[in-house]
Amino acid sequence: MAETPLMKQYRQIKSENKDNILFFRLGDFYEMFFEDAVIVSKELGLTLTSRNKEKGIDIPMAGVPFHSAASYISKLVNKGYKVAICEQVENPKQAKGIVKREVVKIITPGTVIDIDFLDEKNNNYLLSLIIKENRAGISYLDITTGEFKTFEIEKTKVLNEVYKISPKEILIEEESYKEIRDEIDKFLEINDINYTIINKLKTSEELIKEYFNIVSLESFGIEDKLLSIDASGIILKYALELHKYNELPITKLSYENRAEYMELNVATQKNLELFSSEKNNIGTLVWVLDECKTAMGSRLLKKFIKNPLTSIEKIKKRQNDVTFFIKDIIKREEIKENLKNIYDIERLIGKIILGTENGRDLIALKKSIKSSIEIAAILNNDKIIKIDIKKLDYLYKLIDTTITEEPPFSIREGGIIKENVNLELDELRKISKNAKDIIIEIEAREREKTGIKTMKIKYNKIFGYFLEVTKSNINLVPDTYIRKQTLTNAERYITEELKEIENKIINAKDKIENLEYELFKEISEKIRKEKNLLQQLANDISYLDVIISLASVAIKNDYIKPELNTEYSIEIKEGRHPIVEKLLIDEDFIANDVYFDREKNLIILTGPNMAGKSTYMKQVALILILAQMGSYVPADYATIGIVDKIFTRIGASDDLVSGQSTFMVEMSEVANIMNNATENSFIILDEVGRGTSTFDGISIATSITEYIHNNVKAKTIFATHYHELTELENRYKTVINYRIEVKEIDDSVIFLRKIVKGGADKSYGIEVARLAGLPNEILENSRKILKNLEEKRALIEKKIKGKQLALFGGVEEEIEDEPERIVEIKEVVPENIIEIIKYIETIDINNITPMQAINYLNEIVLKLKNK
Ligand SMILES: Nc1ncnc2c1ncn2[C@@H]1O[C@H](COP(=O)(O)OP(=O)(O)OP(=O)(O)O)[C@@H](O)[C@H]1O
């Protein structure tokens, strides 16, 4: 069979939407064909059918009903697909030939506007990226709230910033993509972010000016930021095209100076468990801090957490606001009650601008405005937020006097507009309301006239209103009645008068619906005019919500106000880990101090597995983040010199995904830290060097510590199993040893969780194994082996030390010209230690040089490898 006109139309539209799944409107359904049908049937579990054969081949087809399409679309978009919605754009009854169809919008993961399908506590960002030489321009937009920001940074920091923003979709300029393809491909895959490669715009500046109706970019502070201009142009064009140049809720573009925020790289953001990309945030910092009453507040709180400040004035402003609400319990609690009644104003105003609002949205807005006005009254002269009450009051009254309290979901149904708003509407309503009375009147009159006492006026969908007369009375029916239907016991008639009334009722209903729709849109338009005010209100309310949440959390968890300054030193007394302390059920959290100044800035932390080393280090980092975001902190006392960056090297969580060896990942992260940390940074190193053999590990750990001491000078905590590292305290003035105290009773250890001065002398691995439930037999055997090993090791160490043959430091210095030899000593796994010891013991250790010792070790390794 030849191609039908409909399929011809389909093909034409599909050819312009190759990258999108085409939802093709056919009556009450959206149909997908060919490849699209196969994809959606798989992704949405729809039945795959087929349409009349074309050239002898079945056309695969799948469809969803129009009224429930939104949830299907959102599922597809969440899976990363782009969906083009193709509608019938003329009335099928009036169409000559095939109905005209057009794509009216395209929905992509970063441009979803249907907020019912978005997570309310997370922004839905679209981000654009452009790179030139070693600089990058980034813009990001949440189309549901209108937030549109841009900044420029060094190219090396792109991924850190993108991870902070966590966009749903990225637009990457073509040349830029080529440049960073290797890094970004992996990153996008791991973090499940969709991307589109996009051409640079030649007219970014013009587009921005035209969209915002401004003559110069100066008002946005980006007149000389060429990369930002290009990145913003890309986003704006993309969003406008997808929404077919309808008005978007974007009212301004702001330039962000990223240097005002603490730098946190991707690994650090993950390691510190600030937030989770999942909905479930349990065990994260957000989980502890989020007592916000509004979704807007929760979204802003996440931004605070990801972006601790570095400017002391700005931190203090927030801190003072938190303090205000800690002190004024009455205002705090009263405002909280009001916040509970505030809806997502940010997204409501977005809907109004996009034209997707309904009556319920206006009622939600009204209630939110009412509570906001009450909040303003409670705050009175306390200048925490600056709301223009007069204008808000006008908007409140506008909605209150016009929109019914419980409007229907659809704005086409009527029942939205109150009485006394519009004369014509009231008249029409009267007609429709009176219709029933008129019908009753007619019934009475006709009974009287004909003498048929049992005659009734009834209604059904086919005939509308009709008169029903029982068979026994048929002879009394006048000629003017028009017979419509015969039943067993009765006849049904209509009259001219009844038809007339019926038309009036139907007409009135249509007119009411149309008029209500028009009036509704007029009211929306008036609200839309105040979008700047409402966006400002949304900002103020979210800020207030976050500040009050921080105050409530501080009180509930017994936090204190940290002192902040621009000095180098940090002192925290009785600090606690904000998350772990909340997760402990049977145990109390043991608080610990930390102290850094220029004289002592490098802590070597030893202690058994599971004693609490990671907890301690992370708690220091988290307290810094809390302090610099303006929050109170879990401690008894804290004075904090502001830090510019926090770095962490912890664990091996990413290794599985990236495909690199654990050691490689570890070393590249350490390299990144060494290259980027400044003396104002704070560094956590957990077990660095563990990814390779003991000997290499110790050498590398040692030289890292030395490098930090000599060059970086950042405040650092280095947790390690290598007690050998504790010797550095003797060599370097700024190094200080701490350990986590344990108490040994017979064969078991009790973790005291207290940090004390000095290094640990063993690692208690077997004890931890016992706690983990390893069978006794294995434990006993391990203890014997360990004892044996320790004796031999002590013996060898004595011999080696006697000849300045320490396995680090000394050796390193002597073989400096051949550093690669150290690296060769790999893969010496603990099980092989006995063999190594045996081998070493055959050597006359008193008569060899350090170089020879290294050579011997290499030989051993080779032997073991070849075994
Ligand atoms: N200060 C503390 N007070 C109470 N419990 C603590 C404290 N610190 C740690 N813990 C508990 O001990 C557990 C282990 O702590 P952590 O992971 O910090 O140990 P670790 O020394 O880093 O271990 P490993 O070396 O095996 O990584 C925590 O999950 C927590 O339950």
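Observations, loosely collected:
- The residues of region 212-246 that are buried (at least 19 other Cβ atoms within 10 Å of the Cβ) and of a type in the set (F, W, Y), listed by number, are F220, Y238.
- Scope region 712-730; condition farther than 15 Å from E687 by Cα and touching a residue at least 24 places away in the same chain (Cβ under 8 Å); matching residues: V712, K713, A714, K715, E727, L728, E729
- The residues of region 461-472 that are closer than 12 Å to E502 by Cβ and open to solvent by less than 30 Å² (accessible area, probe 1.4 Å), listed by number, are G464, F466.
- In the condition set (1) within 16 Å of I755 (Cα to Cα); (2) touching a residue at least 24 places away in the same chain (Cβ under 8 Å), D588 is compliant with all but (2).
- Filter pass, N609 being near the ligand (Cβ under 10 Å from one of its atoms), open to solvent by 30 Å² or more (accessible area, probe 1.4 Å) and in contact with a Phe, Trp or Tyr (Cβ under 8 Å, 6 or more places away or on another chain): yes
Here's the yes/no breakdown for (1) modelled with pLDDT under 95; (2) within 16 Å of the ligand (Cβ to nearest atom); (3) touching an Asp or Glu at 6+ places or on another chain (Cβ under 9 Å):
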site: N557; (1), (2), (3): no, yes, yes
site: Y568; (1), (2), (3): no, no, yes
site: N592; (1), (2), (3): no, yes, yes
site: F596; (1), (2), (3): no, no, yes
site: E599; (1), (2), (3): yes, no, no
site: V620; (1), (2), (3): no, yes, no
site: L624; (1), (2), (3): no, no, no
site: S631; (1), (2), (3): no, no, no
site: P634; (1), (2), (3): no, yes, yes
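- Residue within region 542-565 that is in contact (Cβ under 8 Å) with a residue 40 or more places away in the chain, of a type in the set (D, E, K, R) and surrounded by 19 or more Cβ atoms within 10 Å (Cβ to Cβ) present: yes
- Of all the residues in region 392-426, those that are open to solvent by 90 Å² or more (accessible area, probe 1.4 Å) and assigned to a helix (DSSP H, G or I) number 4.
- Filtered residues of region 299-317 (kept if open to solvent by less than 50 Å² (accessible area, probe 1.4 Å) and either within 13 Å of D545 (Cβ to Cβ) or without any contact (Cβ under 8 Å) to a residue 24 or more places away in the chain (or both)): R299, L300, L301, K302, F304
- For region 349-356, the criterion of being touching a residue at least 24 places away in the same chain (Cβ under 8 Å) and under 21 Å from Y543 (Cα atoms) is met by at least one residue.
- Among the residues of region 128-184, those identified as of a type in the set (S, T, N, Q) and over 30 Å from K105 (Cβ atoms) are N134, T156, N160.
- Within region 473-505, the set of residues being in a helix (DSSP H, G or I), surrounded by 13 or more Cβ atoms within 10 Å (Cβ to Cβ) and polar (S, T, N, Q) comprises N473 only.
- If the condition is being modelled with pLDDT of 90 or more and not aliphatic (A, V, I, L, M), then region 672-685 contributes N676, T678, E679, N680, S681, F682.
- Residue ID - farthest from G651 (Cα to Cα), chosen from residues in region 754-767 that are modelled with pLDDT under 75 and assigned to a loop (DSSP other than H, G, I, E, B): D761
- Taking region 506-623 as the region of interest, the strands (runs of 3 or more DSSP E) fully inside it that hold 3 or more residues being of a type outside the set (A, V, I, L, M, F, W, C) and within 30 Å of I736 (Cβ to Cβ) are 570-575, 592-596.
- Long-range neighbours under 9 Å by Cβ, at least six apart or interchain, first residue among the polar types (S, T, N, Q) within region 234-255, second loosely packed, with under 15 Cβ neighbours inside 10 Å: N246/G355; T251/N532
- Within region 113-132, the residues that satisfy the criterion of being in contact with a Leu (Cβ under 6 Å, 6 or more places away or on another chain) and in a loop (DSSP other than H, G, I, E, B) are I113, N124.
- Residues in region 695-753 that are hydroxyl-bearing (S, T, Y) and part of a strand (DSSP E or B) were compared, and the one that is nearest to the ligand (Cβ to nearest atom) is Y738.
- Filter result (in a helix (DSSP H, G or I) and open to solvent by less than 30 Å² (accessible area, probe 1.4 Å)) within region 279-298: L285, V286, V288, L289, A295, M296, G297, S298
One line per residue, one yes/no per condition, for (1) open to solvent by 10 Å² or more (accessible area, probe 1.4 Å); (2) of a type outside the set (S, T, Y); (3) under 27 Å from E291 (Cα atoms):
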residue	(1), (2), (3)
Q88	yes, yes, no
D114	yes, yes, yes
N123	yes, yes, yes
K132	yes, yes, no
G137	no, yes, no
D142	no, yes, yes
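- Listed by position, the helices (runs of 4 or more DSSP H) inside region 164-278 whose residues that are among the β-branched types (V, I, T) number at least 2 are 174-190, 226-242, 266-271.
- Every test in (1) within 19 Å of D644 (Cβ to Cβ); (2) crowded, with 23+ Cβ neighbours inside 10 Å; (3) of a type outside the set (V, I, T); (4) free of Cβ contacts under 8 Å to residues at least 60 places away in the same chain is passed by H577 save one, and that test is (1).
- When region 347-386 is limited to residues that are in contact with a strand residue (DSSP E or B) (Cβ under 8 Å, 6 or more places away or on another chain) and of a type outside the set (A, V, I, L, M, F, W, C), the one that is surrounded by the most Cβ atoms within 10 Å (Cβ to Cβ) turns out to be G359.
The values are calculated or read from the model by the stated rules, or taken from the named source; none is laboratory data. Note that this is a predicted model, so its numbers are computed, not measured. When we count neighbours, we look across all protein chains shown, and the Cβ atoms used for this are built from the backbone with ideal geometry, even at glycine. Accessible surface is based on the protein model in full, side chains and every heavy atom, while ligands, DNA and RNA are left aside. Shrake-Rupley method; radii C 1.70, N 1.55, O 1.52, S 1.80 Å.
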